[in-house]
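One structure is given here, and the rest of the page talks about it.
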Amino acid sequence: MSGHSDEHADPAVAFESAKLGVWTFLATEVLLFGALFTAYTVFRMKYPELFRVEHAKLDRVLGAVNTVVLITSSFTVVLGVDAIKRGKARMLEVCYGATILLAAVFLCVKYVEYSAKFHHGLYPGTNLFFSLYFMMTGLHGIHVLLGMGLLSYVIVLSRRGRLSASYYTPAEMSGLYWHFVDLVWIYLFPLLYLLG
Amino acid sequence: MTHGPGKSIRAGIAVFIALLLLTAVTVLVSYVDLGLWNAVVALLIASVKASLVALFFMHLKGENRLVWGFALVPIAFLSLIIFGTLVDTMLR
């Protein structure tokens, strides 16, 4: 690489730049979800009794199942990135495929939960708790959908032979995003399902 | 990219198991009435889990100071936003 005058032609520099770009994006994501976490904190302290009564209407077993599903989906991303670092493109596709499948399971469980809430007459407009519940899990759900799209794109790239041990930037970057989606749920689960 | 594949996977498996165990603990603790301590324990466990994901899955552990800055500054800002808003709404 010493022959290049343009530093962006250096793959290592390009990788670092991409990584910093993703972390910058994630910083804005923290503040996006942060606004909802702030609203949650303010209303929880103002109406503790409402939150105590309403949170019990959520199914904490389904919430726990989805937590395990999402943590596992993050782990398969770790396995996928490790595989492509060793040049195993097929293994990356299998791992990211597993992540997408687990993401679909997560959304199916979410669908079951939403249906049950609607069935019991609990809507986003029912009260403050359910407004926050649907807003926070809904925004998170949109992120899960976007993540599934990103990871599918990585699989397509890999199928076309575009990824290797020396170039796996798209796999790494979409992985970072996916772990962030997992991280948000790690906070959403106790705040919405567990705290009375 | 600094460590070998075998080592990073072993750490990944350990973190994965720790995350599952912590999930089990936080669910079990939620069935015990500890009053205000329920919130403290739940948030503490969530933060340990989030740190594990950031440090190992997102490999923040081996990152340079610039990336650490991008990871920590938004959290500092969020704390400030929540604190500032609470000061306003609680003392109104």
Can you work out which of the residues in the stretch A:152-173 that are touching a residue at least 60 places away in the same chain (Cβ under 8 Å) and part of a helix (DSSP H, G or I) is nearest to the other protein chains (Cβ to nearest Cβ)?
A:Glu172
Assuming A:Ser115 fulfils every condition listed in (1) over 19 Å from A:Val154 (Cα atoms); (2) of a type in the set (Gly, Ala, Ser); (3) not in a helix (DSSP H, G or I) apart from one, which condition is it?
(3)
Any chance A:Gly141 is within 9 Å of chain B (Cβ to nearest Cβ) and surrounded by fewer than 20 Cβ atoms within 10 Å (Cβ to Cβ):
no
Could you identify the single residue in B:Lys61, B:Lys7 that is assigned to a helix (DSSP H, G or I), under 21 Å from A:Leu26 (Cβ atoms) and of a type in the set (D, E, K, R)?
B:Lys61
Boolean, A:Asp59 is acidic (Asp, Glu), in contact with an Asp or Glu (Cβ under 8 Å, 6 or more places away or on another chain) and either surrounded by 21 or more Cβ atoms within 10 Å (Cβ to Cβ) or within 14 Å of chain B (Cβ to nearest Cβ) (or both):
yes
From B:Ala76, B:Ala54, which residue is exposed (fewer than 11 other Cβ atoms within 10 Å of the Cβ), modelled with pLDDT of 95 or more and more than 23 Å from A:Val65 (Cβ to Cβ)?
B:Ala76
Could you please tell me which pairs satisfy a Cβ distance under 9 Å, a separation of 6+ or placement on different chains, a first residue in the stretch A:48-65 that is of a type in the set (Lys, Arg), and a second residue that is part of a helix (DSSP H, G or I) and surrounded by 15 or more Cβ atoms within 10 Å (Cβ to Cβ)?
A:Lys57/A:Lys117; A:Lys57/A:Phe129; A:Lys57/A:Phe130; A:Arg60/A:Phe189; A:Arg60/A:Tyr193; A:Arg60/A:Leu194; A:Arg60/B:Val27; A:Arg60/B:Ser30
Pairs needed: first member in the stretch B:37-58, facing another protein chain (nearest Cβ under 8 Å); second member anywhere, of a type in the set (Phe, Trp, Tyr); C-beta distance under 8 Å; at least 6 residues apart or different chains.
B:Ala46/A:Tyr187; B:Ala46/A:Phe189; B:Ala50/A:Tyr187; B:Phe57/A:Phe75; B:Met58/A:Phe180
So, A:Tyr123, is that one surrounded by fewer than 19 Cβ atoms within 10 Å (Cβ to Cβ) and either under 15 Å from the mean Cα position of the chain (by Cα) or not in a helix (DSSP H, G or I) (or both) or not?
yes
Given the condition more than 19 Å from the chain's Cα centre (by Cα) and of a type in the set (A, V, I, L, M, F, W, C), answer yes or no: does some residue in the stretch A:58-68 qualify?
yes
Might you check whether a residue that is closer than 30 Å to B:Lys7 by Cβ, within 13 Å of another protein chain (Cβ to nearest Cβ) and surrounded by fewer than 16 Cβ atoms within 10 Å (Cβ to Cβ) occurs anywhere in the stretch A:87-110?
yes
Only one of A:Thr24, A:Thr72 is in contact with a helix residue (DSSP H, G or I) (Cβ under 7 Å, 6 or more places away or on another chain), within 11 Å of chain B (Cβ to nearest Cβ) and surrounded by fewer than 14 Cβ atoms within 10 Å (Cβ to Cβ); which?
A:Thr24
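The values are calculated or read from the model by the stated rules, or taken from the named source; none is laboratory data. On a predicted model such as this, the values are computed, not experimentally measured, just so you know. Cβ coordinates were reconstructed from backbone atoms using ideal geometry, including for glycine residues, and neighbour counts include every protein chain displayed.
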